[in-house]
Amino acid sequence: RRLSRLSLSSLPPQSLHLVAPIWNLGTSGIRGLSSAVTPEGNQRKGRMLLQFLTDRFYDVEALRGYLFQKQVSKVHKENRSSTGIKKRYGPYIAGAYFVLKQGGAVKFQGKEWIRSTEHGYSPLQLLSFQAVPIEAVDASDCAINYEGLDNLLALKELQSLLLQRCPHVDDWCLSRLHQLASSLQELSLAGCPRISERGLACLHHLQNLRRLDISDLPAVSNPGLTQILVEEMLPRCEVLGAEWARGLKLGPEQQSRDTASPIPA
Amino acid sequence: MFRGVLWLLAGRGCVGRGLSTRSGGSTPDWTEKVSEIKKKIQSALPGGPWDPLYDTSHLPPEHSDVVIVGGGVLGLSVAYWLKRLEKPRGAIKVLVVDRDHTYSQASTGLSVGGIRQQFSLPENIQLSLFSVDFLRNINEYLAVVDDPPLDVQFNPSGYLLLASEKGAAIMESNVKVQRQEGAKVCLMSPEQLQNKFPWINTDGVALASYGFSMSSSRMQTSSGKEMTLKRIHEVHVKMDHSLEYQPVECALVINAAGAWSGQVAELAGIGKGPPGTLEGTKLPVEPRKRYVYFWHCPEGPGLETPFMADTSGAYFRREGLGHNYLGGCSPTEEEEPDPGNLEVDHDFFQDKVWPHLAHRVPAFQSLKVRSAWAGYYDYNTFDQNGVVGPHPLVVNMYFATGFSGHGLQQAPAVGRAVAELVLEGQFQTINLSSLLFSRFYLGEKVEERNII
């Protein structure tokens with residue numbers, strides 16, 4: 001019975017999309033996902049009522065399933081790769097357009113940061129940068145996912161990629177980043193809720209990486225140990241992350257000593 | 001006379017009011033007589049105590065459209081896709097039957113869990129590609145509203161296959177086929193391999209690849225002999241630890257019983273006939289025991305370890321963050337262990353697995369085996385590839401088995417293919433016509449060269 005809950009024949013079978021982990025109907029948007037982890041009192045009551053209704057009425061269940069699928073397809077639509085723009089104006093314009101549409105910021109080589117929220121930004125202004133490669137992308141808090149990463153992977157001179165607090169960036173996305181291995185020097189994954197140590201293992205292809213930020217990853221099981229292993233994996237990279245000592249239990253005689261002194265791995 | 005009537009009435013009244021209130025010589029005789037008469041009547045009448053409305057909620061239903069024999073990953077995958085692809089919601093009733101709900105011997109739970117796209121058969125590559133996509137988007141397929149998102153704990157570190165001089169040419173042609181089908185595989189020379197993974201000893205490695213459905217009641221064979229087609233009408237499902245059984249009337253039976261598919265097929269009468277004929281062609285799937293060892297090596301390769309398969313057939317992968325590894329090796333035909341039980345042979349590790357591992361990864365020369373277990377491959381003795389689709393004679397038995405060690409990694413795609421075959425009558429997305437049962441009778445082997 002549980003298997004039949006999402007059998008909607010309206011969705012084409014070929015569409016494979018990444019899911020929006022939003023389980024309460026619209027009460028928190030994509031940007032506010034981190035607050036949904038600890039719900040407040042009213043939200044919890046509302047959610048329990050919804051759960052109660054869903055368990056007892058097929059209509060409520062079907063409606064919630066339908067709304068959920070709509071959210072999924074919304075994320076997919078936002079991550080469509082604009083092949084038309086890519087063909088006409090080249091990969092840099094296409095990548096910049098994609099990032100700015102999602103709400104991020106882009107920095108062309110030799111120019112200043114262009115943010116979508118800034119006053120006076122217009123897409124037409126991008127056309128002047130047709131042959132200028134992009135060197136930095138800030139896609140923090142954007143709904144970029146596995147398919148949307150296509151647009152960024154075409155930017156062969158990308159040096160800095162910031163993916164902080166992106167709710168749909170997960171281990172699979174990290175396994176694609178090896179295509180940027182030749183140019184990427186800075187990567188930030190702080191606060192992404194779906195990245196675990198298994199995804200971080202794929203970063204060993206990025207041999208040119210010099211700065212990596214893996215702080216505040218809730219899905220990583222053992223942050224201190226993971227940081228040590230990542231540092232071993234990428235010896236030339238400076239890894240910012242959790243305090244390595246956080247996962248360790250101190251013995252009684254060590255508790256008075258300063259915990260910040262590193263022990264060689 | 002009047003007194004006689006009064007006496008009779010008084011006597012009857014006493015009997016009617018309650019025999020227990022009167023203590024005396026006469027009434028105990030009467031109760032005993034009544035109970036004796038009751039016993040006599042019960043022994044004379046047939047049947048036990050009359051209980052027309054007993055609870056059958058623990059038994060399977062009496063009718064079902066599809067009965068899937070085997071509740072492992074393949075059986076459940078077929079069930080899932082049947083319900084997902086059915087046109088009106090709730091159209092098909094599916095019953096999944098498994099003899100062990102703890103899955104203690106099921107290959108699904110005991111599998112090492114590697115997924116690769118480096119096969120030589122295009123169908124296998126397509127199946128793996130879709131299964132990887134399915135796992136990546138598993139929350140879209142299997143999500144339930146109000147439950148937390150699923151985490152399959154997948155390690156996207158890639159699969160590394162090594163080839164010696166003799167296997168290098170085959171590997172190159174395989175990689176060509178894989179690239180044609182859309183798999184992302186790259187070939188590496190020993191120097192590149194050494195650069196990428198400094199803990200490998202590339203001695204002996206020449207090349208490495210790294211990467212990420214009939215209805216007529218009579219049928220005549222070419223010689224003009226008549227054949228009868230059979231139909232399965234009922235599946236008798238016997239309950240665990242009891243004599244109860246429920247005959248489930250069904251339209252289709254799907255054989256997804258894994259290592260025991262051969263036995264289930266024999267129950268349906270497949271293979272009972274003179275050898276060399278279609279009736280006499282058995283389902284060539286039998287259980288083969290494989291060992292998996294779990295060891296700890298503090299100096300072993302780090303976080304970037306892919307799933308590595310050596311030229312000798314030994315394979316391993318990283319497990320967790322504590323320098324633990326899982327691995328094993330497939331024995332040769334002569335060394336096949338007896339599949340009667342799931343006992344582990346630790347000498348096999350010492351003699352056959354460890355030398356190869358230590359040769360390939362020098363750090364593994366000092367390791368400590370923490371635990372080991374054994375599981376079954378549903379080994380297809382004919383050509384080590386799966387069997388999918390209906391049986392030509394028993395027209396309503398479909399197979400989804402025989403994947404010989406790569407069933408888990410192809411399960412979502414195979415489930416979808418079988419569901420399409422059942423619902424639409426033909427394969428819609430991936431064409432698996434080369435994996436039908438008839439190839440066993442016709443002798444056409446569909447060989448897969450990259451079996452681990």
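The values are calculated or read from the model by the stated rules, or taken from the named source; none is laboratory data. None of these values were measured; they are calculated from a predicted model. As a convention, Cβ positions derive from the backbone with ideal geometry for all residues, glycine included, and neighbour counts pool all protein chains shown. These accessible areas exclude ligands, DNA and RNA; they are computed on the full protein's heavy atoms, side chains included. Shrake-Rupley method; radii C 1.70, N 1.55, O 1.52, S 1.80 Å.
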Here's a check for you: in region A:212-227, which residue that is more than 8 Å from every other protein chain (Cβ to nearest Cβ) and in a loop (DSSP other than H, G, I, E, B) is surrounded by the fewest Cβ atoms within 10 Å (Cβ to Cβ)? A:Pro218
For region B:308-330, state whether one or more residues are among the acidic types (Asp, Glu), modelled with pLDDT of 90 or more and buried (at least 17 other Cβ atoms within 10 Å of the Cβ). no
Only residues that are of a type in the set (Gly, Ala, Ser) and closer than 15 Å to B:Pro284 by Cβ: list them for region B:371-388, please. B:Gly386
When every residue in region A:170-208 that is part of a loop (DSSP other than H, G, I, E, B) and within 13 Å of chain B (Cβ to nearest Cβ) is compared, the one most open to solvent (accessible area, probe 1.4 Å) is A:Gln207
From the list B:Gln194, B:Gln105, pick out the single residue that is farther than 19 Å from B:Tyr315 by Cβ, not in a loop (DSSP other than H, G, I, E, B) and not aliphatic (A, V, I, L, M). B:Gln194
Only one of A:Lys87, A:Lys45, A:Lys70 that is among the basic types (Lys, Arg) and under 24 Å from the mean Cα position of the chain (by Cα): A:Lys70
I'd like the residue in region A:144-169 that is among the small types (Gly, Ala, Ser) and surrounded by fewer than 22 Cβ atoms within 10 Å (Cβ to Cβ) and, out of all such residues, is nearest to A:Gly241 (Cα to Cα). A:Ser160
Return yes or no: is B:Ala208 open to solvent by 30 Å² or more (accessible area, probe 1.4 Å), hydrophobic (A, V, I, L, M, F, W, C) and either modelled with pLDDT of 85 or more or farther than 28 Å from B:Phe364 by Cβ (or both)? no
Only one of B:Glu424, B:Glu333 is at pLDDT 90 or above, surrounded by fewer than 21 Cβ atoms within 10 Å (Cβ to Cβ) and of a type in the set (D, E, K, R), namely B:Glu424
With the structure loaded, tell me whether A:Leu234 is at pLDDT below 90, within 19 Å of the chain's Cα centre (by Cα) and open to solvent by less than 20 Å² (accessible area, probe 1.4 Å) or whether it fails that test. no
Considering only region B:142-155, I want to know if a residue exists there that is more than 14 Å from every other protein chain (Cβ to nearest Cβ) and either in a loop (DSSP other than H, G, I, E, B) or out of contact with any Leu (no Cβ under 8 Å at 6 or more places or on another chain) (or both). no
Sole miss for B:Ile270 among (1) within 14 Å of another protein chain (Cβ to nearest Cβ); (2) assigned to a loop (DSSP other than H, G, I, E, B); (3) open to solvent by less than 20 Å² (accessible area, probe 1.4 Å) is condition (1)
Does B:Ala372 qualify as being closer than 23 Å to B:Gly258 by Cβ and surrounded by 24 or more Cβ atoms within 10 Å (Cβ to Cβ)? no
